[in-house]
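First up is the structure itself, then whatever we jot down about it.
The values are calculated or read from the model by the stated rules, or taken from the named source; none is laboratory data. Quantities reported herein were computed from a predicted structural model and do not represent experimental measurements. Backbone-built Cβ (ideal geometry, glycine too); neighbour counts: all protein chains shown.
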Amino acid sequence: MASKFSDRPRNRFQALQHADPGLQPERTVMSWGRTGLATSVVALLLIRWYPSVGGIVFVPVIIALIGAGLIQLSQRRRYTVQAAGIANENVASDFWAVFWMTVMSVLIATSGVIAMWAA
């Protein structure tokens, strides 16, 4: 059965279409966007430690900002994969995104604790 939605965008700036807008791809992209925003807020809050901890506080700040940036840069790919999965009725979980988010969180926490002990 042919779908009225194409699996491929017409140009590179057009989003991939699927038969049920508002479903999982949009929610997934929005939740990862909120995760990136929250990570940026964590970085900004860590900067408040600078007067008492010193320059070493910028290690977790840089880790958080790089992580937030990578989350934002991967949004289009994430949406395309999710929309293609909906269109093909086969959506795979993004294990590596969750894995690297976990690694980033542990690195931020560990480097923050080390920064506090070093002060």
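Condition (residue is more than 18 Å from residue 34 (Cβ to Cβ), over 12 Å from the mean Cα position of the chain (by Cα) and surrounded by fewer than 13 Cβ atoms within 10 Å (Cβ to Cβ)) applied to region 77-84: is it met by at least one residue? Among the residues of region 77-84, not one is more than 18 Å from residue 34 (Cβ to Cβ), over 12 Å from the mean Cα position of the chain (by Cα) and surrounded by fewer than 13 Cβ atoms within 10 Å (Cβ to Cβ), which makes the answer no.
Being of a type in the set (A, V, I, L, M), in contact with a His (Cβ under 6 Å, 6 or more places away or on another chain) and either modelled with pLDDT under 75 or part of a helix (DSSP H, G or I) (or both): is that true of residue 38 here? I'd like the intermediate steps shown before the answer.
Details: of a type in the set (A, V, I, L, M): yes; in contact with a His (Cβ under 6 Å, 6 or more places away or on another chain): no; either modelled with pLDDT under 75 or part of a helix (DSSP H, G or I) (or both): yes.
Spelling it out, it is not the case that residue 38 is of a type in the set (A, V, I, L, M), in contact with a His (Cβ under 6 Å, 6 or more places away or on another chain) and either modelled with pLDDT under 75 or part of a helix (DSSP H, G or I) (or both).
Please work out if residue 114 is within 20 Å of the chain's Cα centre (by Cα) and of a type in the set (A, V, I, L, M, F, W, C). When the stated conditions are applied, residue 114 does not pass them.
For beta carbons closer than 9 Å, sequence separation of 6+ or different chains, a first residue in region 108-119 that is under 19 Å from residue 36 (Cα atoms) and a second that is of a type in the set (Gly, Ala, Ser) and in a helix (DSSP H, G or I), the qualifying pairs are 108/43; 108/64; 108/67. Do we find a residue being touching a Pro at 6+ places or on another chain (Cβ under 6 Å) and part of a helix (DSSP H, G or I) anywhere in region 59-66? No, because not a single residue in region 59-66 is touching a Pro at 6+ places or on another chain (Cβ under 6 Å) and part of a helix (DSSP H, G or I).
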